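A short write-up of the structure that comes next.
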Amino acid sequence: MSQNDDLLKLAAAESAVALVEDGMIVGLGTGSTATFAVSALGRRVKEGLRIRGIPTSERTATQARGLGIPISSLSEEPQIDITIDGADQVEERSLNLVKGLGGALLREKIVATASRRLVIIVHDSKLVNRLASTGMVPIEVVRFGWQATAAHLTKLGAKPALRRSSSGEPFQSDSGNYIVDCTFHPGVSAAELAAQLDHVVGVVEHGLFIGMTAEVHLASAEGVRILK
């Protein structure tokens, strides 16, 4: 990761964090870009901002606690005012997303669904013309019989690969599930694919976030542009 990438991520994060107001319940995203947003929120909390954070992963929760951000849960705060998170792909016209390369897609989608406003922060390399036509779509699956689930995904046109940790063992999400990273043919319709994946037995959740984004803060060398 280059220093320039970090600067772009920081610019997008600070632009989105400026939307957070006193008293809000804030969904805290997961991933390299979301980390900058959590850090920016931590600075604002030290300056007196009063918020409660709903983290989308254990590592985000650890970061937030270390910065002094009060942590809550969906059982205590079922309605979130704003969630700030990153994305692996953003489709330019629809603002539909691919998320989950960081391994937190299930919790990210639960938090996003509970939010009044989902704000995505990315740098311009994440913007695509057609969602899921390149790169991977992460799919979280139940460990039991995951091979049968992967075979079903193959019938939908996927080329599935079980995600593994650095030690070579199958990667496990915070919820204890496996993740199968899938590539699809370039002409795939992300919305139609999402509907199909919703009905595959063994699939817990997929990384296609359709019709959920309120706005995208897109950082480039020219500055931060807000897409709505």
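The values are calculated or read from the model by the stated rules, or taken from the named source; none is laboratory data. All figures in this text were calculated on a predicted structure; none of them were measured in a lab. Virtual Cβ from ideal backbone geometry, glycine too; neighbours counted across all protein chains shown.
Of note:
Quick grid of which residues meet (1) out of contact with any helix residue (DSSP H, G or I) (no Cβ under 9 Å at 6 or more places or on another chain); (2) crowded, with 22+ Cβ neighbours inside 10 Å; (3) among the acidic types (Asp, Glu):
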residue: 86; (1), (2), (3): no, yes, no
residue: 93; (1), (2), (3): yes, no, no
residue: 99; (1), (2), (3): no, yes, no
residue: 120; (1), (2), (3): no, yes, no
residue: 124; (1), (2), (3): no, no, yes
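- When residue 164 is tested against (1) in contact with an Asp or Glu (Cβ under 9 Å, 6 or more places away or on another chain); (2) free of Cβ contacts under 8 Å to residues at least 12 places away in the same chain; (3) farther than 21 Å from residue 91 by Cβ; (4) not aliphatic (A, V, I, L, M), just one condition goes unmet, and that condition is (1).
- Scan of the stretch 192-219 for residues that are of a type in the set (Val, Ile, Thr), farther than 20 Å from residue 117 by Cβ and in a strand (DSSP E or B), ordered by number: 203, 204
- Note on the stretch 1-119: enclosed helices (runs of 4 or more DSSP H) holding 2 or more residues that are over 27 Å from residue 197 (Cα atoms) and of a type outside the set (D, E, K, R) are 3-17, 32-46, 58-66.
- The listed residue being in contact with a helix residue (DSSP H, G or I) (Cβ under 6 Å, 6 or more places away or on another chain), hydroxyl-bearing (Ser, Thr, Tyr) and either in a loop (DSSP other than H, G, I, E, B) or outside the structural domain of residue 111 (by TED's automatic domain parsing) (or both), out of 166, 175: 175
- Only a single item in (1) among the β-branched types (Val, Ile, Thr); (2) surrounded by fewer than 22 Cβ atoms within 10 Å (Cβ to Cβ); (3) in contact (Cβ under 8 Å) with a residue 40 or more places away in the chain; (4) not assigned by TED's automatic domain parsing to the domain that holds residue 7 is not met by residue 141, and it is number (2).
- Checking 76, 58 one by one, the residue that is over 10 Å from the mean Cα position of the chain (by Cα), among the acidic types (Asp, Glu), closer than 27 Å to residue 164 by Cα and surrounded by fewer than 16 Cβ atoms within 10 Å (Cβ to Cβ) is 58 and no other.
Matching residues to (1) surrounded by fewer than 14 Cβ atoms within 10 Å (Cβ to Cβ); (2) touching a residue at least 60 places away in the same chain (Cβ under 8 Å); (3) over 24 Å from residue 95 (Cα atoms); (4) in contact with a His (Cβ under 9 Å, 6 or more places away or on another chain):
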site	(1), (2), (3), (4)
134	yes, no, no, no
145	yes, no, yes, no
150	no, no, yes, no
154	yes, no, yes, no
172	no, no, yes, no
187	yes, no, no, no
193	no, yes, no, yes
198	yes, no, no, yes
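- Test for residue 193: is it outside the structural domain of residue 61 (by TED's automatic domain parsing) and either in contact with a strand residue (DSSP E or B) (Cβ under 8 Å, 6 or more places away or on another chain) or at pLDDT below 95 (or both): yes
- Odd one out for residue 34 among (1) of a type outside the set (S, T, N, Q); (2) more than 25 Å from residue 124 (Cα to Cα); (3) under 14 Å from the mean Cα position of the chain (by Cα): (2)
- Within the stretch 44-65, none of the residues are under 13 Å from residue 119 (Cβ atoms), assigned by TED's automatic domain parsing to the domain that holds residue 114 and touching a residue at least 24 places away in the same chain (Cβ under 8 Å).
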